[in-house]
Amino acid sequence: MSVFKQIASVTVMNLKSIPQRAGASSVIVIGIAGVVGVLVSILAMVGGLSQMTTRAERADRAIVVSTGASFETLSNITREAAQIIEDAPGIKHGTDGKPLASAETLAIVRLPLKRTGSTGNVALRGVGGAALAVRPEIHLVEGRLFGAAVREVIVGRTLQRQFRDLELGKHLSVRGSEWTIVGIFESHGDPHEAEMITGAQTLQSAFQRNTFQSVAVLLDSPDSFAQFKSALTGNPALTVDAMREADYLRQQSQAFSTLLSVVAYLIGGIMAIGAVFGALNAMYSAISTRTVEIATLRVLGFGASAVIVSVFAEALLLAMLGGAGGGCIAWLMFNGHAVSTNGGGLTQLSVPLAVDLDLIGVGVLWACLIGMVGAAFPAIRAARAPLAAALRGI
Amino acid sequence: MKFLPLVWTSLWRKKARTIFTLLSILIAFLLFGLLQGVNAWLNAFGSGSNANRLYVASRVSEVQPLPSAYLSQIEGVPGIRHATYIAGIAGYYQEKHNNLVALATDVPAFLSLYPEWQVVPDQLAKMSRTRDGAIVAAPLMHAFGWKIGDRIPLRTSVMRQDGGADWQFQIVGTYDVPSIPAEANRILVNYAYFDEARLLERGTVWAFVVSVDDPARSAQICAAVDALFVNSAYETVTQDEKAYVQGQLRQLGDVSLMANAIVAAVLFTLLFLTGNTMMQSVRERTSELGILKTVGFSDRSVTALVLVESVLLCVLAASLGLAAAAAVFPVVAALGIGGSALPLKVVVAGLVMAVVLALASGLPPAWRARRLAIVDALAGR
């Protein structure tokens with residue numbers, strides 16, 4: 001009998017006997033499902049965050065904030081500076097000949113959260129006239145756009161889901177004045193969809209401010225960025241930083257993503273070690289119940305490799321079952337489920353968890369590794385057991 | 001007690017299995033200790049805070065400025081002993097990742113509100129004489145290699161009247177917070193100098209800090225302060241220090257929800273593992289248990305033997321795991337998450353959890369041992 005045939009027949013026989021050892025086998029499956037479930041769930045937050053930020057990014061869009069401001073809320077750009085920025089070279093011009101740039105003012109307001117009723121911070125963004133041309137992904141799904149010089153806002157869909165009383169037509173009381181919600185917008189679920197938008201002038205007069213926090217511009221082409229940036233940094237009247245939108249968004253979420261990944265792999269790693277011990281236990285007990293059977297096979301002429309492979313096959317099958325199970329549980333329980341977190345610069349951000357096939361793949365890979373380590377020692381032991389003693393079942 | 005050696009021997013009947021189970025439980029409780037430790041630390045955040053101190057911030061949001069002129073009105077509220085304002089200057093020193101926050105305030109008034117911040121009296125006097133002076137947290141001095149007398153440039157986003165956004169301060173002293181070392185990470189500067197030199201938002205502050213004579217009355221005082229400014233353009237929200245800190249922390253997100261979910265997943269998995277181990281061990285010992293019953297052990301004592309074995313294994317492993325967590329916890333704390341020591345509360349909860357786990361996983365095998373008929377057991381059926 002060829003080695004491969006031997007391996008195949010021993011493996012099939014072994015796998016068929018798994019139901020008889022259901023208790024020990026389920027330890028591997030459940031243990032690994034636990035590890036993979038936790039790992040995949042936490043990594044899904046990282047995935048959700050990066051999906052959210054990359055969803056709407058465009059290579060030909062740039063954000064300008066004042067030098068040293070890591071968040072928009074810490075930035076200040078004077079009216080004069082904003083004017084200079086809007087006139088800088090490299091910016092695309094609309095059909096009316098005006099630059100496609102939006103100088104924006106950001107205010108943070110407290111609103112009650114749906115889930116707890118406690119307050120969370122919400123960004124109220126005042127935008128310039130060209131804002132919708134700069135961000136064409138923002139589109140109204142209900143109502144109309146805010147009017148000029150009236151206290152009207154449009155509310156993002158994500159924000160509406162997260163906070164109370166943000167339906168069309170409702171009123172918000174902010175700093176003793178009434179604001180009316182006149183529209184609901186969507187923008188592919190990017191961070192702007194978790195904001196309220198109004199006109200910059202309206203916001204500035206309501207909050208008695210005369211500065212902007214950032215300027216968003218649409219460039220002639222992605223390659224115009226260098227020209228645009230050098231024009232701003234070369235101007236001694238400006239103390240601002242220009243960043244590509246992708247870089248800016250990444251910088252906003254990077255600290256949190258890194259922290260989450262570290263937590264995921266740390267906790268996943270510790271749990272994996274625990275699961276390895278569980279798998280070792282289960283596999284040792286699996287071969288110890290099969291001692292006589294394995295010895296008989298060896299006496300009949302089956303090689304050690306066939307026995308070793310069959311043990312590995314059993315462990316891998318159970319591990320993959322556990323890995324896929326854990327991944328599916330994470331998917332069923334958490335996919336699309338939003339966790340709220342700090343969106344950087346004090347605003348509350350609701351991040352949808354994204355469990356995809358890649359992530360489940362990572363989980364199954366971990367499961368296989370745990371299964372392999374758990375099977376290695378028992379397999380060697382099974383192959384090495386002295387036949388005479390093993391046959392007598394000692 | 002006299003049966004303890006018996007339980008101990010049967011526990012080690014199969015060394016490899018017991019050791020692997022022990023290690024799995026150990027790891028699970030290491031994780032339990034760390035996660036719940038961080039959780040407890042988060043929940044207790046600000047509990048070291050001073051119940052005498054209240055914070056007055058804008059109702060609109062924490063970053064919305066308030067007029068500094070509110071101070072005299074706030075001071076007039078009965079029951080308030082001291083009050084001052086704070087404004088922040090966020091920026092960095094030399095490199096972008098060296099983030100720093102300078103607090104612009106009335107420094108002597110501020111320090112009388114924070115008696116735990118310790119400054120040498122001479123240095124405080126010097127601070128009052130030096131308009132652009134700064135009192136820097138001792139750990140920051142150490143980290144950046146600063147000395148008293150140095151002039152430190154901060155690159156900020158707060159514009160100066162002369163057009164720049166770089167601020168220079170002269171270090172005249174240092175402070176320490178021996179009770180909460182992690183709190184020593186700020187730079188104190190004179191508000192008067194800062195407000196005069198800045199271009200925008202002059203005459204405004206981030207928040208007011210007040211101390212009250214009687215913490216029991218702080219709820220009324222909070223309401224009284226907020227009532228002063230109701231319906232003005234700058235409405236306020238006044239909270240005690242603990243509520244304020246917890247509110248800031250909640251912005252971080254559902255950390256405790258996550259930690260609890262993970263712990264639940266770990267313990268659930270563990271239940272299967274230990275349950276299986278105990279079941280196997282009882283099954284293998286069927287004939288031994290039969291002999292025990294033959295020599296006169298009652299059903300109840302056999303059940304107890306199995307349960308005690310399970311409790312012994314779980315509690316032993318959990319103690320080792322929690323000890324490991326206590327040893328690792330300060331290391332995690334050094335990364336900025338978690339306190340200096342694992343709270344006793346967590347250790348106790350862990351041990352209770354271990355006993356519950358042991359009973360839950362030991363019950364089915366114990367039941368089996370109890371129901372065992374001597375004839376069947378001895379026949380190995």
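The values are calculated or read from the model by the stated rules, or taken from the named source; none is laboratory data. Note that the structure is predicted; figures quoted are calculated from it, not measured. Note: ideal-geometry Cβ built from the backbone for every residue, glycine included; neighbour counts use all protein chains shown.
Things to note:
- Of the numbered criteria (1) among the β-branched types (Val, Ile, Thr); (2) surrounded by fewer than 16 Cβ atoms within 10 Å (Cβ to Cβ); (3) within 25 Å of the chain's Cα centre (by Cα); (4) more than 14 Å from chain B (Cβ to nearest Cβ), the one residue A:141 fails is (3).
- Of the numbered criteria (1) touching a Pro at 6+ places or on another chain (Cβ under 9 Å); (2) at pLDDT 85 or above, the one residue B:292 fails is (1).
- Qualifying residue in the stretch B:73-88 (condition: closer than 30 Å to residue A:254 by Cβ, more than 10 Å from chain A (Cβ to nearest Cβ) and either hydrophobic (A, V, I, L, M, F, W, C) or not in a loop (DSSP other than H, G, I, E, B) (or both)): yes
- Qualifying position, being under 25 Å from residue A:267 (Cα atoms) and either β-branched (Val, Ile, Thr) or modelled with pLDDT under 85 (or both), among B:255, B:212: B:255
- Just one of the numbered conditions (1) in contact with a helix residue (DSSP H, G or I) (Cβ under 9 Å, 6 or more places away or on another chain); (2) part of a strand (DSSP E or B) is not true of residue B:101: (1).
- A single member of A:55, A:21 is away from every other protein chain (no Cβ under 14 Å) and of a type in the set (Lys, Arg), and it is A:55.
- Identity of the residue in the stretch B:204-225, of a type outside the set (Gly, Ala, Ser) and within 14 Å of chain A (Cβ to nearest Cβ), that ends up farthest from residue B:88 (Cα to Cα): B:204
Rundown of residues vs (1) outside any loop (DSSP other than H, G, I, E, B); (2) in contact with a Ser or Thr (Cβ under 9 Å, 6 or more places away or on another chain); (3) within 21 Å of residue B:25 (Cβ to Cβ); (4) touching a residue at least 40 places away in the same chain (Cβ under 8 Å), yes/no style:
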position: B:309; (1), (2), (3), (4): yes, yes, yes, yes
position: B:314; (1), (2), (3), (4): yes, yes, yes, yes
position: B:321; (1), (2), (3), (4): yes, no, yes, yes
position: B:325; (1), (2), (3), (4): yes, no, yes, yes
position: B:331; (1), (2), (3), (4): yes, no, no, no
position: B:362; (1), (2), (3), (4): yes, yes, yes, yes
position: B:365; (1), (2), (3), (4): yes, yes, yes, yes
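- The test for being crowded, with 18+ Cβ neighbours inside 10 Å, away from chain B (no Cβ under 12 Å) and closer than 24 Å to residue A:94 by Cβ holds for residue A:231.
- Cβ-Cβ under 6 Å pairs, at least 6 apart or on other chains, the stretch A:234-248 side closer than 19 Å to residue A:218 by Cβ and away from chain B (no Cβ under 13 Å), far side of a type in the set (D, E, K, R) and surrounded by 14 or more Cβ atoms within 10 Å (Cβ to Cβ): A:242/A:229; A:245/A:57; A:245/A:61; A:246/A:57
- Scanning the stretch B:1-45 for residues that are at pLDDT below 80 and either crowded, with 18+ Cβ neighbours inside 10 Å or not in a loop (DSSP other than H, G, I, E, B) (or both) yields B:41, B:42, B:43.
Conditions tested, residue by residue: (1) at pLDDT below 85; (2) closer than 29 Å to residue A:195 by Cβ; (3) buried (at least 20 other Cβ atoms within 10 Å of the Cβ); (4) within 12 Å of chain B (Cβ to nearest Cβ).
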residue: A:303; (1), (2), (3), (4): yes, no, no, no
residue: A:318; (1), (2), (3), (4): no, no, yes, no
residue: A:322; (1), (2), (3), (4): no, no, yes, yes
residue: A:348; (1), (2), (3), (4): yes, yes, yes, yes
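- Of all the criteria given as (1) closer than 30 Å to residue B:138 by Cβ; (2) crowded, with 16+ Cβ neighbours inside 10 Å, the one not satisfied by residue B:225 is (1).
- Only residues that are aliphatic (A, V, I, L, M) and under 21 Å from residue B:100 (Cα atoms) were counted across the stretch B:111-140, and they come to 9.
- Listed by position, the strands (runs of 3 or more DSSP E) inside the stretch A:171-249 whose residues that are on the phi < 0 side of the Ramachandran plot and among the aromatic types (Phe, Trp, Tyr) number at least 2 are A:177-186.
- Screening the candidates A:132, A:140 for the property of being of a type in the set (A, V, I, L, M), farther than 28 Å from residue A:66 by Cβ and free of Cβ contacts under 8 Å to residues at least 60 places away in the same chain yields one hit, A:140.
- Filtered residue count, the stretch B:133-159, keeping only those that are under 24 Å from residue A:75 (Cα atoms), in contact with an Asp or Glu (Cβ under 8 Å, 6 or more places away or on another chain) and either modelled with pLDDT under 90 or among the hydrophobic types (A, V, I, L, M, F, W, C) (or both): 3
Condition check ((1) more than 17 Å from residue B:34 (Cα to Cα); (2) at pLDDT 90 or above; (3) out of contact with any helix residue (DSSP H, G or I) (no Cβ under 7 Å at 6 or more places or on another chain)) across all residues:
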site	(1), (2), (3)
B:309	yes, yes, no
B:313	yes, yes, no
B:317	no, yes, no
B:320	no, yes, no
B:325	no, yes, no
B:329	no, no, no
B:340	no, no, no
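- From the list A:226, A:237, the lone residue that is over 29 Å from the mean Cα position of the chain (by Cα) and at pLDDT 85 or above is A:226.
- The one condition in (1) modelled with pLDDT under 90; (2) closer than 13 Å to residue B:187 by Cα that residue B:107 fails to fulfil: (1)
- Pairing each residue of the stretch B:226-243 that is within 10 Å of chain A (Cβ to nearest Cβ) and farther than 17 Å from residue B:206 by Cβ with any residue that is assigned to a loop (DSSP other than H, G, I, E, B) and of a type in the set (Gly, Ala, Ser), provided the two are 6+ apart or on different chains, yields C-beta distances under 6 Å for B:231/A:176.
- Of the residues A:44, A:133, the single one that is surrounded by fewer than 23 Cβ atoms within 10 Å (Cβ to Cβ) and either hydrophobic (A, V, I, L, M, F, W, C) or within 14 Å of another protein chain (Cβ to nearest Cβ) (or both) is A:133.
- Odd one out for residue B:105, checked against (1) closer than 30 Å to residue A:203 by Cα; (2) within 11 Å of chain A (Cβ to nearest Cβ): (2)
- Reported count of residues in the stretch B:194-212, each being crowded, with 16+ Cβ neighbours inside 10 Å, under 36 Å from the mean Cα position of the chain (by Cα) and assigned to a loop (DSSP other than H, G, I, E, B), is 2.
- Residue A:50 more than 10 Å from chain B (Cβ to nearest Cβ), at pLDDT below 85 and either farther than 30 Å from residue A:131 by Cα or touching a His at 6+ places or on another chain (Cβ under 8 Å) (or both): no
- Test result for residue B:51, out of contact with any strand residue (DSSP E or B) (no Cβ under 6 Å at 6 or more places or on another chain), small (Gly, Ala, Ser) and assigned to a loop (DSSP other than H, G, I, E, B): yes
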